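Trainee: Got a structure here, written out as structure tokens. Questions coming.
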Amino acid sequence: MLNFEELGFTEKKYYDFPNIINLEVFRGACPCSCVHCPVGKTPQAQRTERFGSNSISIERLEHVIQEISKWEHSTIRIHSVGDPILWDNLVPAIQLIHNYNVRSWIFTSLVTKDAFVLEALCKYNSIIEVSVNSVDAEDYKRTKGIDAFQLVKDNIAYMASYISKNQLKTRLIVSRVQSEDELRDNAFVDYWKQTGLVADAFVRKYHNYNNLLSSKNSEKQKCSSCLVHWMRFNIAYDGTVVTCFNELFHKVLRNDVVLGNIENNSIYEIWHSEKMAKLRAADLSGYKNNEYADDFPCRNCFSCQPYDGKRETSESQINKMDG
């Protein structure tokens, strides 16, 4: 019988249960028009038609949370095809997660004027990632498509003060999507770290959302293996489990990207399913010498998350939180 290392896992706990559960809680709307996002590049008036306007039910959310709560190392990442800051049930949802003592991470533009929401984010989340992407209003408008840099910066300052004043352990971080300008990317990190407002600032690897956006010139070859298959579990608002969260930005989900549904099987069962095992084996082989290599779309992805630990990832931020 193969042990967890032979199966490609770095630690047994990740073999037992995924490290990060990416959960789509909301879809179809966002305050921004980011140049590096399929939602952002879609005109506001067309987003509902293109992506729908759905959200996860509180009952389904609790079903997910109940299982995650059994695994101390696992983190739920509150994600959207859009921005969860616009979700009506955001505050009760994160309060529910907090009540189950599950570590939570929210990814948001933080474009809001609602102080109640800002304070709730601080009280009930473990990590708040703000996709501020810029260091000034000009670059923000160019990359995010709206004039809201000062609002977001003020919100970050408000939350930093709230976290400090209330002695919360919440980790407030900011991120930028990798651009063609490495100097500008590095300047982003330096700027936000020197403000003293955030626990960390980092640059996320550019992703073409599985061929929905153009590929960068630097994407010349596929990485040896993608950490998603060993570290992350991706659930749509309706319970559908997919190989990669970025597949949820496509208008139609193909059968070959669907791994199951949490209404029929547990996260644990799908994580240990035959299809997941075949996907990992195919990925480890580089989609060349495995009998299952032609069965999975990942073989055509050239902007995967390298499983070599050499660049900043969500897993890196969790490791920093754990100390």
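Trainee: Order the following by accessible area, largest value first: 124, 287. Probe radius 1.4 Å; ligands, DNA and RNA are ignored.
Mentor: On the way: 124 40, 287 15 Å².
Reading off the accessible areas and sorting them downward yields 124, 287.
Trainee: Can I ask one more? Over the chain, give the accessible area per residue in Å² for a 1.4 Å probe, as an integer. Before the final figure, lay out the partial values.
Mentor: Details: 14910 Å² over 323 residues.
Spelled out: the 1.4 Å probe surface of the chain, per residue, equals 46 Å².
Trainee: Given the whole protein assembly as supplied and a 1.4 Å probe, what does the accessible area of residue 10 come to in Å², nearest 10?
Mentor: Counting only protein heavy atoms, the figure is 80 Å².
Trainee: Here is a follow-up. For the chain, give me the percentage of DSSP beta bridges that are antiparallel, rounded to the nearest 5 percent. Walk me through the intermediate numbers first.
Mentor: Values: 7 of 35 bridges.
Restricted to the chain, the bridges split so that about 20 percent are antiparallel.
Trainee: Which value, to two decimals, describes the C-alpha radius of gyration of segment 80-206 once divided by 2.2 N^0.38 Å? Working shown, then result.
Mentor: Details: Rg = 14.3 Å, N = 127, 2.2 N^0.38 = 13.9 Å.
Cα-based Rg divided by the globular estimate yields 1.03.
Trainee: Taking amide H positions as placed 1.01 Å from N in the peptide plane, with prolines and chain starts having none, which residues 5 or more places from residue 145, or on another chain, fall under 5 Å of its amide H?
Mentor: When sequence neighbours closer than 5 places are left aside, the close amide H contacts are 33.
Trainee: On to the next question. So what are the three principal axis dimensions of segment 168-273 from its Cα atoms, in whole Å, longest to shortest?
Mentor: Principal extents (largest minus smallest coordinate, Cα): 48, 42, 27 Å.
Trainee: Using the alpha-carbon atoms, what tilt in degrees (0 to 90, nearest 10) does helix 149-165 show relative to the longest principal axis of the chain?
Mentor: Between helix and principal axis, roughly 90 degrees.
Trainee: For segment 152-278, which whole-number percentage of the solvent-accessible area (1.4 Å probe, protein heavy atoms only) is attributable to carbon and sulfur atoms? Each step should come with its number before you reach the end.
Mentor: Working: 2730 of 6070 Å².
C and S atoms contribute 45 percent here.
Trainee: How high is the FRET efficiency between residue 195 and residue 44 when r is their beta carbon distance and R₀ equals 35 Å, given to the nearest 0.05?
Mentor: Working: r = 31 Å, r/R0 = 0.88.
Efficiency computed from Cβ-Cβ geometry: 0.70.
Trainee: How much length, in nm to one decimal, is gained on full extension between residue 288 and residue 12, taken as 0.36 nm per residue of separation minus their Cα-Cα distance? Please list the in-between numbers first.
Mentor: Values: separation 276, 0.36 × 276 = 99.36 nm, distance 2.68 nm.
Net length gain for the segment: 96.7 nm.
Trainee: For the chain, what does -39500 (n - 2.57) per DSSP helix run (n ≥ 4), summed and divided by total residues, give at 222 nm, in deg cm²/dmol to the nearest 500?
Mentor: On the way: 12 runs with 109 residues, N = 323.
Estimated from H runs of four or more residues: -9500 deg cm²/dmol.
Trainee: Let me ask something else about it. Eigenvalues of the Cα gyration tensor times 5, then square-rooted: what semi-axes does that give for the chain, in whole angstrom, largest first? Working shown, then result.
Mentor: Numbers: eigenvalues 176, 104, 80 Å².
Computed over the chain, the values are 30, 23, 20 Å.
Trainee: Note down the nm distance, to one decimal, between modelled labels 7 Å out along Cα→Cβ at residue 255 and at residue 187.
Mentor: 5.1 nm
Trainee: Right, another one. List the lysines whose Cα lies under 20 Å from the Cα of residue 288, skipping any in the same chain that are fewer than 8 positions away.
Mentor: Cross-link targets: 220, 222, 275, 278.
The values are calculated or read from the model by the stated rules, or taken from the named source; none is laboratory data. Note that the coordinates shown come from a computational prediction; the quantities given were computed from them, not determined experimentally. Every residue, glycine as well, gets a Cβ built from its backbone with ideal geometry; the counts of neighbours run over all protein chains shown. What goes into the accessible areas is simple: the full protein's heavy atoms, side chains included, and nothing from ligands, DNA or RNA. Shrake-Rupley method; radii C 1.70, N 1.55, O 1.52, S 1.80 Å.
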